[in-house]
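This report refers to the structure that appears directly beneath it.
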Ligand SMILES: Cc1cc2nc3c(=O)[nH]c(=O)nc-3n(C[C@H](O)[C@H](O)[C@H](O)COP(=O)(O)O)c2cc1C
């Protein structure tokens, strides 16, 4: 899953590396470009919670639920965002904000979409690399909240920061992480 408007930038390069890694591990890739989709911001329904709390889905009729449902079908997820202002991009934030709400109400009698899935988070920054760590920290918070709220297992497989400076060797790390994640299943 990528969240850059740029089709030829560092995020895309990371996506290519992740794809090679998954395929080297004999896995199949379902690629999602969030910026090609319509995913609106959470509307914070009512007094803070909407149907997301009880029904594990969002009332907004856009592309979010298609992607949310497809997360149940895959064995793991690699999320790659450009670093904007030391944070994830706006399309990633919109998706994560809604995902954590729709996954917050864990019921052991039904399987939530991302339960028991391993995740790799990648933050792709510019030359300075400023804010790479805060971006990864903000991505980590999604999993922190979900693991804390419930007794489920969302595996934080890896957090990787890549910049224009270190991309030569860090793209190899992304490839290796993706392959390892597939082979671990
Ligand atoms: C609005 C905006 C904010 C950015 N903020 C940061 C930043 O805080 N730190 C950083 O290292 N790079 C920053 N950059 C640079 C991008 O992270 C870098 O160009 C990255 O390669 C973007 O991903 P892309 O190549 O897929 O477009 C910013 C770029 C934009 C457009």
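Nothing in this text is a laboratory measurement; each read-out follows from the coordinates by a stated rule. All values derive from a computational prediction rather than experimental measurement. A quick note on method: Cβ atoms are made from the backbone with ideal geometry, for glycine too, and the neighbour counts reach across all protein chains shown.
Worth pointing out:
- Cα→Cβ-extended label distance, 7 Å offset, between residue 72 and residue 31, nm: 2.7
- The chain: most fluctuating residue of 23, 73, 103 per GNM, C-alpha cutoff 10 Å: 73
- You can think of it this way: the chain between residue 55 and residue 116 has 20.0 nm of extra reach, that is 0.36 nm per residue less the Cα-Cα gap.
- C-alpha long axis of helix 10-24 to longest principal axis of the chain, angle in °: 90
- Expressed to the nearest 5 percent, the antiparallel share of DSSP beta bridges inside the chain is 5 percent.
- Eigenvalues of the alpha-carbon gyration tensor of the range 26-86, scaled by 5 and square-rooted, set the equivalent ellipsoid semi-axes at 24, 17, 11 angstrom, largest first.
- q = 0.22 Å⁻¹: log10 I(q)/I(0) that the Debye formula gives for the range 1-109, counting C-alpha atoms only: -1.24
- Using a cutoff of 8 angstrom between alpha carbon atoms and counting only pairs six or more residues apart, the relative contact order for the chain works out to 29 percent.
- With 10 Å bins beginning at zero, the pair-distance distribution over Cα atoms of the chain amounts to 10, 38, 38, 13, 2 %.
- Compared with the dominant Cα axis of the chain, that is its longest principal axis, helix 90-102 is turned about 40°.
- Whole-number percent relative contact order across the range 1-92, with pairs defined as alpha carbons under 8 Å at least 6 apart: 41
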